[in-house]
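Engineer: Would you mind keeping the following structure in view while I ask a few things?
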Amino acid sequence: MVKRKKPESSSDDHDDAGYEEESDSSSVDVEDMSSCDGEGTGNRRITRRSTRVQTRATKALSLQRQTPVKSPKSNGSQSAESSDSDQSGPVDDPKPPNAKRKRPITTEIIMSDSVDALAPTVNGKKHGLSDSESVASAFQEIKEKRRSKVVATDTLGSLVELKCPVPGCDSLGHITGKFMKHRTITGCPLYHNMTAEECKLRQEDKEKTKLKESQMTDLSRKNLRQSSPARLQQQKKYSIQELRRARKELTQEQKEKNRNHREEFHKSREPLLNGLTSQYDLDLFREAQNRASEEMERENECQLMDGNLKKIEFGRFELDTWYSSPYPEEYARLPKLYICEFCLKYMKSTTILRRHTAKCIWRHPPGDEIYRKGNISVFEVDGKKNKIYCQNLCLLAKLFLDHKTLYYDVEPFLFYVMTENDTTGCHILGYFSKEKNSFLNYNVSCILTLPQYMRQGYGKMLIDFSYLLSKREEKIGSPEKPLSDLGLISYRSYWKGVVLKYLDKFDGREISIKDISQETAINPYDIVSTLQSLSMLKYWKGKHLVLKRQDLIDEYLDAERKRAKGNKVIEPASLKWTAHIVET
């Protein structure tokens, strides 16, 4: 495509364009200009094929361009320009002084996918190429450079070179001796008080030992007089017990060395393990460490490592995270985190999760079960009594909430966790938290429904449950402001349903916002905002009137009847709870 910029008549600079004209044609008009040389050699007519062609291609190839020469504003003289081939010709009659002189149209070439469609050419030939061939080759080179630059940018943007977080580590080597680099603490040789060379040598010795064992196994198969497996296992058991009995207690010098090591490196190094147990048990522990680290490296090998947590495995679900959460750096750098759905402990690999699941005795949230209806239960968890669980719950919630700022200071809060029960345990659906003593009567500080259970009615159940607690406390409740986008949609939907149901049952002529608030435990400001959003609140003759729109009420009730079969509601009779007495 060719854009032609036409300069204003009041400007002398050829670069200033008053307006732009787009042309589908691929040719540039040729203009005739007459000029007079300064030495009196005669006038000549100059044919100009293209004037001041501005392209990225000409800049990249540093092609020489000849710019128009500005003509002085006297005696009606006109500008003189040179071209690839000067042609002599008869002198044109000078134009009248009052006539509007034409100026060359500045053309600008816009990069397009088809080089053949570009007709303007670059002034000057290079290496014997024609004008069109020069432009085509220049455009092709520019396109290749831009394409390679984009690929390089995408590669750099997607593959970020992460380094080991251990201070002083250069990320080289691996504890297993099988990888050239590592990115986590679990694979860091320096963290385990070793060097990369020691890890490699230990791996080589291990391979040699395995080779000898395999050879011995082959020989034993050929030997007809071999001991039974049970006898060999018994011998191994006795040798292990003998090694454990022969272990000596730590000397005072070793204890002092361990203490100095812990004070110097704190948590940036693994504690010294030599002498704490028998050599057999220590080798067994190292082998388990190596296997877990190698499996973690294999799992993360094909995943993007950009320093952000992308996925979590929670129960039988694999969830994509929405936002970042302040997990410890060692865990936040992983592309995938594994979380126990009962105790909410977070782990690095599926092996650790599997071993934890076999030992975890939790099958429901800690605290008191205050509500049960069918397979739905609600547990009240005190942030002061179960601090670790509540902190892990906040860290999990931050992965799906943008405005959440509370993570570790959980003691002043109560957490109400809703679960779905089956034979394997109580699975978390969502939760909300509230302050134990709120001066503004906030009944919800943070509320979340897990993504796999969204749009199933559990969010409205949590909101309804929070207002049920406010009714038991004989208080008017309201969620803490500001609300998130999804939270505002959920609360507006809940407030709308409660207000319309109240108006449908109301038969009087005068209604008070305060009466609605006392009946529903909803803050008057929330009721007014809901009525305004429904266009049911008007100001007339100095009074605020509530319009009972029967059509809107009937439409809502009809929609409720259609989904009544699968509708999830809170039964107040199933709540077994008394309000807390806060000490002041």
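Engineer: Ignoring everything but the protein chains, give the 1.4 Å probe accessible area of W577 in square angstrom, nearest 10.
Structural biologist: 30
Engineer: Each label point is 7 Å from the Cα along the Cα-to-Cβ direction; what then is the distance between the points at Q233 and D558, in nm?
Structural biologist: Between Q233 and D558, the simple spin-label model gives 7.4 nm.
Engineer: While we're looking at this one, here's another question. With r as the distance between the Cβ atoms of E369 and H261 and R0 = 51 Å, compute the FRET efficiency 1/(1 + (r/R0)^6) and round to 0.05.
Structural biologist: Details: r = 47 Å, r/R0 = 0.92.
Once rounded, the FRET efficiency stands at 0.65.
Engineer: Which percent of the accessible heavy-atom area of the stretch 503-584 goes to carbon and sulfur, probe 1.4 angstrom? Present the calculation step by step, with values, prior to reporting the outcome.
Structural biologist: Numbers: 3100 of 6210 Å².
Exposed carbon and sulfur together represent 50 percent of the surface.
Engineer: Where the centre of each part is set by its Cα atoms, how far does the stretch 524-541 sit from the stretch 366-433, in angstrom?
Structural biologist: Taking the Cα centre of each part, the stretch 524-541 and the stretch 366-433 sit 35 Å apart.
Engineer: Additional query: Can you list the GluC sites (Glu not before Pro) in the stretch 455-551 that are in a DSSP coil and have 12 or fewer other beta carbons within 10 angstrom?
Structural biologist: Numbers: sites: E473, E474, E480, E510, E519; in loops: E474, E480, E510.
Here the GluC sites (Glu not before Pro) that fit, given the DSSP loop and packing criteria, are E474, E510.
Engineer: On average, how much accessible surface per residue is there in the stretch 445-548, in Å², for a 1.4 Å probe, leaving out ligands, DNA and RNA? Present the calculation step by step, with values, prior to reporting the outcome.
Structural biologist: Values: 5960 Å² over 104 residues.
With all protein chains present, the stretch 445-548 gives 57 Å² per residue.
Engineer: Further, regarding this structure: Calculate, for E519 and T423, the FRET efficiency according to 1/(1 + (r/R0)^6) with r their C-beta to C-beta distance and R0 25 Å; round to the nearest 0.05.
Structural biologist: Details: r = 41 Å, r/R0 = 1.63.
Computed FRET efficiency for E519 and T423 comes out at 0.05.
The values are calculated or read from the model by the stated rules, or taken from the named source; none is laboratory data. Computed from a predicted structure; not experimentally measured. FYI the Cβ positions are ideal-geometry reconstructions off the backbone, even for glycines, and counts take in every protein chain you see. For accessibility, only protein heavy atoms count, side chains too; no ligands or nucleic acids. Shrake-Rupley method; radii C 1.70, N 1.55, O 1.52, S 1.80 Å.
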